[in-house]
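In what follows, a single structure is set out as structure tokens and then discussed.
The values are calculated or read from the model by the stated rules, or taken from the named source; none is laboratory data. Treat the numbers as computed from the prediction; the structure is a model and nothing was measured. Here Cβ is always computed from backbone atoms with ideal geometry, including for glycine, and neighbour counts include all displayed protein chains. SASA here: full protein model, heavy atoms, side chains in, ligands and nucleic acids out. Shrake-Rupley method; radii C 1.70, N 1.55, O 1.52, S 1.80 Å.
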Amino acid sequence: MKELRKAVFPLAGHGTRFLPMTKASPKEMLPLVDKPVVQYTVEEAVASGVSQIIMVTGRGKRAIEDHFDISYELEDVLREKGKMTLLEDVRRISFMAEIVYTRQKESLGLGHAVLCARNLVGNEPFAVALADEVIDGKEPALAQLLDVAREFDAPVIGIQEVSTSDVSHYGIVRGHEIREGLFRVDSLVEKPRVSEAPSRWAVIGRYILTPDIFAILENQSPGVGGEIQLTDALVTLASHRPLYAVKIEGKRYDTGDKAGFLRATVRFGLKNPELGPEFRKFLSDILAHPESE
Ligand code: G1P
């Protein structure tokens, strides 16, 4: 597989699971302690070797562009006040990667969002990362996929096992395990009923794809929810060429969901070197004396 340089971030979703918070603010800008969710996923991509990020945004997502841009006024203020560490942190965000933007003008689904990046990706392999799924592991999630993509010179999707009751929220893999945690994909089903799920292995928002997916997406008819599904296009891809699925090591937080966001906030709060110890005490006090709250 050619060097992986680009990652597509589909960001045009409305965040309906997080209303009313997402009425005027992008869900990807929700903070986990002191960084917006999308920054964690950009950092993961950069740590995996990606140098260009193609953000597929939509109306109401301007705050994301501003976050990764330079902020002259803020930088001036920080410089004047001598807050050099903060200044460095703020500037680093603007130079982490080359970021380009395009818009998905209509909400036609994840497959359509990826298709919107076609010309920006060109004829090379690329990653897709769903930014609101934050994965906290020793090795960056996309780097784990990339190891397999290189080994087999093939597209790869990231999976984790979910409970039976959750299979209907995900794309689910039908495949055979060729070694522990690594599957050759026979097929996939987008958001199956529990009774129809071929396994409990769920696609978790990390993909390494080859550019032949675009021709498939272009002709993809709408699937579940009337949307053009990336999962359906992957079914066709898997019938043309080997497609692999690899179990991603790391804790995954679906921050686009209220409960998932709360879990991530607690976890990252506890891990924070400055805030962690006091936050831990606060949480254990609440748990020990819930009635005093
Ligand atoms: C999308 C994909 C689905 C995948 C999921 C991971 O669904 O279509 O296959 O399992 O992301 O979060 P969405 O949650 O955007 O509806």
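Give 17, 5 a once-over and let me know the one that is over 13 Å from the mean Cα position of the chain (by Cα) and under 12 Å from residue 256 (Cα atoms). It would help to see each step written out before you state the result.
Working: 5 fails: under 12 Å from residue 256 (Cα atoms).
None of the others qualify; the one that does is 17.
When the range 201-211 is filtered for residues that are crowded, with 19+ Cβ neighbours inside 10 Å and either of a type in the set (A, V, I, L, M) or part of a loop (DSSP other than H, G, I, E, B) (or both), the ones remaining, listed by number, are 202, 203, 204, 208, 209, 210. Count of the range 172-182 residues, restricted to those that are touching a residue at least 12 places away in the same chain (Cβ under 8 Å) and closer than 16 Å to residue 239 by Cβ, is 3. The residues in the range 194-236 that are without any contact (Cβ under 8 Å) to a residue 12 or more places away in the chain and polar (S, T, N, Q) can be counted, and the count is 3.
Under the condition of being closer than 21 Å to residue 38 by Cβ, open to solvent by 40 Å² or more (accessible area, probe 1.4 Å) and not acidic (Asp, Glu), the residues counted in the range 72-97 number 5. Looking only at residues of the range 217-241 that are in a loop (DSSP other than H, G, I, E, B) and within 13 Å of the ligand (Cβ to nearest atom), we find that the one that is surrounded by the fewest Cβ atoms within 10 Å (Cβ to Cβ) is 222. The set of residues in the range 98-116 that are open to solvent by 30 Å² or more (accessible area, probe 1.4 Å) and farther than 10 Å from residue 54 by Cβ comprises 103, 105, 106, 107, 108, 110, 112, 115.
Please go through the range 31-63 and give me each residue that is open to solvent by less than 30 Å² (accessible area, probe 1.4 Å) and modelled with pLDDT under 95, ordered by number. 58, 61, listed by residue number. One residue alone among 214, 183 is outside any strand (DSSP E or B) and either more than 16 Å from the ligand (Cβ to nearest atom) or within 16 Å of residue 154 (Cα to Cα) (or both), and that residue is 214.
Scanning the range 102-157 for residues that are in a loop (DSSP other than H, G, I, E, B), of a type in the set (D, E, K, R) and more than 15 Å from the ligand (Cβ to nearest atom) yields 105, 106, 124, 138, 139, 153.
Between 156, 167, which is out of contact with any Leu (no Cβ under 6 Å at 6 or more places or on another chain) and buried (at least 23 other Cβ atoms within 10 Å of the Cβ)?
On the way: 156 fails: out of contact with any Leu (no Cβ under 6 Å at 6 or more places or on another chain).
So the residue among 156, 167 that is out of contact with any Leu (no Cβ under 6 Å at 6 or more places or on another chain) and buried (at least 23 other Cβ atoms within 10 Å of the Cβ) is 167.
Among residues of the range 109-154 being touching a Lys or Arg at 6+ places or on another chain (Cβ under 9 Å) and of a type in the set (Asp, Glu), the one that is nearest to residue 4 (Cα to Cα) is 124.
What are the residues in the range 254-269 that are out of contact with any Asp or Glu (no Cβ under 6 Å at 6 or more places or on another chain) and either of a type in the set (Asp, Glu) or within 11 Å of the ligand (Cβ to nearest atom) (or both), if any?
Applying the first criterion (out of contact with any Asp or Glu (no Cβ under 6 Å at 6 or more places or on another chain)) to the range 254-269 yields 257-259, 261-269.
Hit for the range 254-269 is 257, nothing else.
Applying the set (1) more than 15 Å from the ligand (Cβ to nearest atom); (2) open to solvent by 20 Å² or more (accessible area, probe 1.4 Å); (3) closer than 29 Å to residue 100 by Cα to residue 178 leaves exactly one unmet item: (3).
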